[in-house]
Amino acid sequence: MKTQNNAALVSGVSALVLAMAATPTLASETSFRLSTGLEYITGTYGGTEDIEELYVPLTFNMNSSRIGLSVSVPYLSIRAPTGTVTDGQTVPGAGDVATESGLGDITANMTIYDVYYNANLDFALDVTGAVKLGTAEFDKGLGTGENDYSLYLDGYKWFEGFTLLGSVGYRWRGEPAGVDLNDVLVASLGGSWPAGESSTLGIMFDYRESALEGLDDIQELTVFGSVELNEHWYLQLYGFAGFTDSSSDWGGGFTITTDVRRAPSRENF
């Protein structure tokens, strides 16, 4: 399941996060943004019952010329067979179908921009460190109840009218009682391009090793679009589909963002 790692933290809306680097223009001041949205996910994950997830985050972002900080506090609702393991990997449960909801896992990340930047090659590398706090209740099936830690290297190559986007990282998983979760490799590859003066379109392929022995790795394709509604408001829409039993069947959502304080930025919504 995509719970709180793709949509809220890195990949899922990883495509949207990476798309913010669609231009190499650097910020000269600090900007602050608030965003919220909604994501719906469904899949059987190799079982017979649909598992449905509704994810609603409230996110605060700060960006300067060299550092970006983000904290997300989500509401989460999951309809699944009892006994299902969530938080990035799902095992079909054998119990009755039930709906549980509440606080999801709070996530935070810090990105150092332009760890490597070559103007002649139009190429840049960023480094991101992320933590997922185990604030979602394990007993309700909303999460593992344990902290996860991740480190990512994100690359951008600018062409005329197109930006090639790539990311590779590693996630160290906390292990709840009775569940053996492996640390995993994660990666994304795709691109974005302008669609008018204030819009961007893009596509990303996301891969993540299975955290549980014997299950398929997660593979999903995300398409997205973003538009600047006016000087201070931005809208992002996205949809995705999975290709393995461990992946979601399909899902989608939107994010709306507003400037608390706006500054010139490398971001291009």
Legend entry - 5 angstrom amide H check on residue 217, placed H, neighbours 5+ away: 210
Legend entry - Cα-Cα separations in region 106-150 greater than 14 Å, expressed as whole percent: 61
Inset, instruction - May I have the extent of the alpha carbons of region 144-231 along their three principal axes, as whole Å values ordered from largest to smallest? - result: 52, 26, 20
Legend entry - Nitroxide proxy distance, nm - points 7 Å out along Cα→Cβ at residue 249 and residue 75: 2.6
Inset, instruction - Quick one: pull the percent of accessible area on region 92-151 belonging to carbon and sulfur, 1.4 Å probe, ligands and nucleic acids left out. - result: 55
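The values are calculated or read from the model by the stated rules, or taken from the named source; none is laboratory data. What you see is a predicted model, and the numbers here were worked out from it, not measured in a lab. Note: ideal-geometry Cβ built from the backbone for every residue, glycine included; neighbour counts use all protein chains shown. These accessible areas exclude ligands, DNA and RNA; they are computed on the full protein's heavy atoms, side chains included. Shrake-Rupley method; radii C 1.70, N 1.55, O 1.52, S 1.80 Å.
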